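The values are calculated or read from the model by the stated rules, or taken from the named source; none is laboratory data. Small disclaimer: the values here were computed from a predicted structure and weren't measured. Positions of Cβ are generated from backbone atoms using ideal geometry, with glycine treated the same way; all protein chains shown enter the neighbour counts. These area figures cover heavy atoms from the full protein model, side chains too; ligands, DNA and RNA do not enter into them. Shrake-Rupley method; radii C 1.70, N 1.55, O 1.52, S 1.80 Å.
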Amino acid sequence: MKFLLCTLLASGLLGTASVSGAAAQPAGQGAEPAEPSIGEPVRAEQVMQILVEGNQRVEADTVLSYLLIRPGDVADPRLVNLSIQTLWATNLFADVRIAQEAGTLIVYVRENPIINRVVIEGNRAINDSRITDEIQLQPRTLFTRARVQADVQRILEVYRRSGRFAVQVNPQIVELPQNRVDLVFEISEGPTTGVRRINFVGNRAFADRRLRGEIVTTEARWWRFFSSNDNYDPDRLEFDREQLREFYADRGYADFRVSSAIAELTPDQSGFYITYTVDEGQVYNFGEITVTTEIPDLDSDYLERIVSTRTGSLYVGSRIEESIDTLTFAAGAAGYAFVDVRPRVRTNRESQTVDIEYVINPAPRVYIERIDIIGNSRTLDRVIRREMELVEGDAFNQVLINLSRSRVRRLGFFENVEIDPVQGSAADRARVEVRVTEQPTGELAFGVGYSSTDSFLVDFSVSERNLRGRGQFLRFRVSSSSRRRQIDIRFTEPRFLDRNLAAGFDLFQIRSNFSREASFETESTGFSLRTGFPLTASVEAGLNYTLRNDEGRTFSGVSEAIRRAAGSRMTSLVGYSVAWNRVDDFRFPTRGFTMSMNQDIAGVGGDVRYVRTEARGAVYRNVFRRDIVLSLTGETGYVLGWGGDDVRINDRFFKGGNSFRGFETAGVGPRVVQRREDGTLIRGDALGGNFYAIGALELGFPLGLPEQYGIRGSVFTEFGTMGLLPSVDQITDTGGTTSPFTIDELAPRVSVGVSIFWDSPFGPVRFDFAEAVVYQDYDRREFFRFSTSTGF
């Protein structure tokens, strides 16, 4: 009697042992997941055997492994019920029932179908791949209604993030043989839900228009077809609240807060009205600024002088974070890798000041226990380690860590480089983890382009910047245009003989056609050897030797200066270079400067004797914003013959085109001319110059287009001069109209203009619009220049 009462009580509270899941229904009807249903109770009899029926793909042993009852056990309704719940939780079955027949326990199952394919229909604004990346149901996975409903919500969220709140998603299933289904998501996208208006309530110090410019969300306008920021996005709304807080905090409003941010959907669901309610508070200044530390090697007085916050100055919230970074860096430079800097902020409402106490908690001096290289699937460890300024056993130094990060990034082998210290085996030990993400370094490139200088050009190259993971560079290149044909092979070993010494060689053949500018052609064939080595962390030097054969060909009727270039001559020259580089980014500098000087001496053997010297410099500084860069560049060069030799035309400088915008290639400098009857000049061949000096002032800026388009612009002015023709090549002006003569004046030239740069999928493209405002009558000017090339 007692046993019967317990059985009935268990059946009433936990459900009977015969349980059935609801039958599968087409997805999209809003049905909840099936729950076990009540059937006939199991009797408390001994189980002689257990049978599984209805399974197709799932093995019977797998089903039995989830049961809590084994043959020989007495059927316990509680254990039977728990077994059903366990089988149900596997998501393998759409229905589970357990029945009892004369000592045999029969488990009836109906398996969930397998998804054959997932089809997206009706989507036009968002492609299939973006949706399938978000949903969890994929082909050859189990179908359950709960998973379908979860994926419906994921699709709705994808569309809402794109500003489409009227979207509707209707999932359907198509039943197939062998318990398979096709899952179809029918999508009705609806219109884009833009932001009609952004309003602010409570702002007194700044107008609504100013605040709208500080947040990412913008009001919908017809011309903003490149931007999606005018679509409503709840996540972006939270980000905008933080942007407003930072904006006010950087202008002295330490108590500022956004009381509410409400988005109201219009009745036709076509737009949102967003209202921010703000409480500006009062304007504060910094009060007492102190730095407290118990680390003996850190001087509190010195640390107080280097923080960004100053007593009496306007409260700027971002300077607190800058000060924390500065103090952390200073402690790291002293060998304390894991210091904890916490600011204690005290607001004085009466005096409208904010006192800041930076507390540096005690920490031991740290030594590097191990350096781990992670993620270098191709590049050898030693290629990365040799760029590190620290080795195992050194005292930790954050300055050297940052320098090491810059050196590894400068290799150009990795998409991302992160160097972080982690706690070692003891409090005074640290492991340095160098995490890199490899990127492709080999390139097979074929480019076809057009420029106003070279007309059509074809460029083919095979290059590898990280040969066999050893950091070596190898390139074979063939290029051809109407003006120039070039074949070259270049190899560079960055650590020759495992020393901090780069060495390499070049093999080349170059044909240049100057028939339009100076009525001659040249063909140069030879090789060069070069080496480079650092003098300091930012100064590098190099040595080079070149041996080449120059074959010159001239046309009839040219001047004696050009005829001297005809014939074959061997040039043997040695040279050196020194470069000082202090820019923040080698490819796209925004701050810093560069200076370089190189000199070549021809005459160490061979038939040609001259000394060529060139110097270049540039200063970069971002103004207003980081992506607006003002640059001042300048270069100069001088070549002088020695040993009784005069400099031939093919060894002189020619400037113009890309090197002096506003003028054609070889458009400035000494030239052969002839006087007409009316006194005007007929321009003849350019003769080049032994000296030049050119400078440029340029302001580069984004054009307001999305960054992924790679389009920037600039305004510039260029200025310079060129001349100093050897006396042997000068022709005296006799004053007649039939005799040609030369003009050689170091007269100034100035041009102004704008440039548009496009980092296109086919290579970098540049459009130059320049007007020469100071020039000579015999110069060749041009207003527009279009050029493209393939970078390697």
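Anything in the range 363-399 that is touching a residue at least 60 places away in the same chain (Cβ under 8 Å) and among the hydrophobic types (A, V, I, L, M, F, W, C)? List them, or say none.
Of everything in the range 363-399, those that are touching a residue at least 60 places away in the same chain (Cβ under 8 Å) and among the hydrophobic types (A, V, I, L, M, F, W, C) turn out to be ALA363, VAL366, ILE368, ILE371, ILE373, ILE374, LEU380, VAL383, ALA395, PHE396, VAL399.
Please state which of the following conditions PHE272 fails to meet, knowing it meets all the rest: (1) open to solvent by 80 Å² or more (accessible area, probe 1.4 Å); (2) more than 14 Å from PHE200 (Cβ to Cβ); (3) among the hydrophobic types (A, V, I, L, M, F, W, C).
For PHE272, the failing item is (1).
Report, by residue number, each residue of the range 376-396 that is open to solvent by less than 40 Å² (accessible area, probe 1.4 Å) and not in a helix (DSSP H, G or I).
Residues satisfying the conditions are ASN376, THR379, GLU387, MET388, LEU390, PHE396.
Quick test for you: out of GLY710, GLY723, GLY689, pick the one residue that is out of contact with any His (no Cβ under 8 Å at 6 or more places or on another chain) and more than 21 Å from TYR638 (Cα to Cα).
Only one candidate passes the filter, namely GLY710.
So in the range 415-437, with the set limited to residues that are open to solvent by 40 Å² or more (accessible area, probe 1.4 Å) and closer than 30 Å to GLN472 by Cβ, which one is modelled with the lowest pLDDT?
Per the criteria, the residue is GLU415.
Can you spot a residue in the range 262-275 that is in a strand (DSSP E or B), of a type in the set (D, E, K, R) and either in contact with a helix residue (DSSP H, G or I) (Cβ under 9 Å, 6 or more places away or on another chain) or under 30 Å from ALA395 (Cβ atoms) (or both)?
No, the range 262-275 contains no residue that is in a strand (DSSP E or B), of a type in the set (D, E, K, R) and either in contact with a helix residue (DSSP H, G or I) (Cβ under 9 Å, 6 or more places away or on another chain) or under 30 Å from ALA395 (Cβ atoms) (or both).
I'd like to know if the range 653-664 contains one or more residues that are in contact with a Pro (Cβ under 7 Å, 6 or more places away or on another chain), open to solvent by less than 10 Å² (accessible area, probe 1.4 Å) and in contact (Cβ under 8 Å) with a residue 12 or more places away in the chain.
Within the range 653-664, none of the residues are in contact with a Pro (Cβ under 7 Å, 6 or more places away or on another chain), open to solvent by less than 10 Å² (accessible area, probe 1.4 Å) and in contact (Cβ under 8 Å) with a residue 12 or more places away in the chain.
Looking only at residues that are under 27 Å from the mean Cα position of the chain (by Cα) and part of a loop (DSSP other than H, G, I, E, B) in the range 667-724, which one is surrounded by the fewest Cβ atoms within 10 Å (Cβ to Cβ)?
GLY704
Across the range 127-141, what is the total count of residues that are surrounded by 14 or more Cβ atoms within 10 Å (Cβ to Cβ) and more than 26 Å from the chain's Cα centre (by Cα)?
3
Answer yes or no as to whether GLU219 is at pLDDT 75 or above and open to solvent by 50 Å² or more (accessible area, probe 1.4 Å).
Spelling it out, it is not the case that GLU219 is at pLDDT 75 or above and open to solvent by 50 Å² or more (accessible area, probe 1.4 Å).
Mind telling me which of the residues GLY163, GLY194, GLY202 ends up being of a type outside the set (A, V, I, L, M, F, W, C), at pLDDT below 85 and at positive phi?
GLY163
Could you run through the range 325-366 and say how many residues are outside any strand (DSSP E or B) and either over 13 Å from THR293 (Cα atoms) or among the hydroxyl-bearing types (Ser, Thr, Tyr) (or both)?
Summing the residues that are outside any strand (DSSP E or B) and either over 13 Å from THR293 (Cα atoms) or among the hydroxyl-bearing types (Ser, Thr, Tyr) (or both) in the range 325-366 gives 17.
Of the conditions (1) part of a loop (DSSP other than H, G, I, E, B); (2) of a type in the set (D, E, K, R); (3) surrounded by 14 or more Cβ atoms within 10 Å (Cβ to Cβ); (4) at pLDDT below 90, ARG251 clears all except one; give me its number.
(4)
Looking only at the range 614-637, how many residues end up being closer than 12 Å to THR594 by Cα and free of Cβ contacts under 8 Å to residues at least 24 places away in the same chain?
Looking only at that region, the number is 2.
So is GLU280 among the charged types (D, E, K, R) and modelled with pLDDT under 90 or not?
no
Which residues, taken from the range 595-610, are open to solvent by 40 Å² or more (accessible area, probe 1.4 Å), closer than 23 Å to TYR692 by Cβ and among the aliphatic types (A, V, I, L, M)?
Residues satisfying the conditions are MET595, MET597, ILE601.
Among the residues of the range 611-632 satisfying the criterion of being over 21 Å from the mean Cα position of the chain (by Cα) and of a type in the set (A, V, I, L, M), which is least open to solvent (accessible area, probe 1.4 Å)?
ALA618
Quick one: in the range 493-507, which of the residues that are touching a residue at least 24 places away in the same chain (Cβ under 8 Å) and open to solvent by less than 40 Å² (accessible area, probe 1.4 Å) is farthest from GLY412 (Cα to Cα)?
Once the filter is applied, the top-ranked residue is ASP506.
Kindly provide the set of residues from the range 157-204 that are outside any strand (DSSP E or B) and open to solvent by less than 20 Å² (accessible area, probe 1.4 Å), ordered by number.
VAL158, TYR159, GLY163, VAL167, GLU189, THR193
Can you tell me which condition THR347 does not meet? The list is (1) open to solvent by 30 Å² or more (accessible area, probe 1.4 Å); (2) under 21 Å from PRO421 (Cβ atoms), and all the others hold.
Among (1) open to solvent by 30 Å² or more (accessible area, probe 1.4 Å); (2) under 21 Å from PRO421 (Cβ atoms), the lone unmet condition for THR347 is (2).
When the range 291-332 is examined, which residues are found to be of a type in the set (S, T, N, Q), touching a residue at least 40 places away in the same chain (Cβ under 8 Å), surrounded by 15 or more Cβ atoms within 10 Å (Cβ to Cβ) and closer than 24 Å to ARG251 by Cβ?
Passing the criteria: only THR309.
Has the range 748-764 got at least one residue that is open to solvent by less than 20 Å² (accessible area, probe 1.4 Å) and of a type in the set (A, V, I, L, M, F, W, C)?
No, every residue in the range 748-764 fails to be open to solvent by less than 20 Å² (accessible area, probe 1.4 Å) and of a type in the set (A, V, I, L, M, F, W, C).
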